[in-house]
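Below is one structure, written out as structure tokens, with a few remarks after it.
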Amino acid sequence: MSVIIEVLLTVGKELFGVFTKAGEKRSARTLRIADYFSDLGRTIEETSESLKHGQYPSGQCQRLLVHAEQMVETIGDAVPNASQYADKVKQVWQIEQLHAELSMLSDDERRARLRMLDEAAGYFHAIAAHLKVKS
């Protein structure tokens, strides 16, 4: 399994658990956090879409790095260990490398990895949706 995909999926799942269990008071701040996660999910989703079409996901590395750099400031007051999640995303911010990694796999393996990448994006979108419903 690709380390990049595995890390993004793990972070998405864990943060989904944190936010769906949180009993915090919702506010405009919560909506800003929801927008942040929605954009993070969109970045991963757009990367996956490019890769599905065999296209190089140009610019997505920088977008993912910016998300990682903004994570603590954006969610730090809602997630005590936000810096750990930010560090994990910073470790895999070079998401464009997936283009080369996936080109060496069989079609079945490539589709399976891209489904996992879509699942990671789905977790971030789910966090955003949950926060918007609860605010």
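The values are calculated or read from the model by the stated rules, or taken from the named source; none is laboratory data. Everything numeric in this text was worked out from a predicted model, so none of it was measured. All Cβ positions, glycine included, derive from the backbone under ideal geometry; neighbour counts span all protein chains shown.
Here are a few things to note about the model shown:
- For region 76-115, filtering for residues that are within 15 Å of the chain's Cα centre (by Cα) and charged (D, E, K, R) leaves 6.
- Count - residues of region 61-77 that are under 23 Å from S48 (Cβ atoms) and of a type in the set (D, E, K, R): 2
- Of all residues in region 45-101, those satisfying the criterion of being assigned to a loop (DSSP other than H, G, I, E, B) and among the small types (G, A, S) are G54, S58, G59, G76, A78.
- Residue in region 97-114 that is in contact with a helix residue (DSSP H, G or I) (Cβ under 8 Å, 6 or more places away or on another chain), buried (at least 16 other Cβ atoms within 10 Å of the Cβ), modelled with pLDDT of 95 or more and farther than 16 Å from S2 by Cβ present: no
- Criterion violated by Y56 - all others in (1) modelled with pLDDT under 95; (2) surrounded by fewer than 14 Cβ atoms within 10 Å (Cβ to Cβ); (3) in contact with a helix residue (DSSP H, G or I) (Cβ under 6 Å, 6 or more places away or on another chain) satisfied: (1)
This table checks each residue for (1) among the β-branched types (V, I, T); (2) farther than 26 Å from R113 by Cα; (3) without any contact (Cβ under 8 Å) to a residue 12 or more places away in the chain; (4) out of contact with any strand residue (DSSP E or B) (no Cβ under 9 Å at 6 or more places or on another chain).
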site	(1), (2), (3), (4)
E14	no, no, no, yes
K21	no, yes, yes, yes
S38	no, no, no, yes
R42	no, no, no, yes
H53	no, no, yes, yes
E96	no, no, no, yes
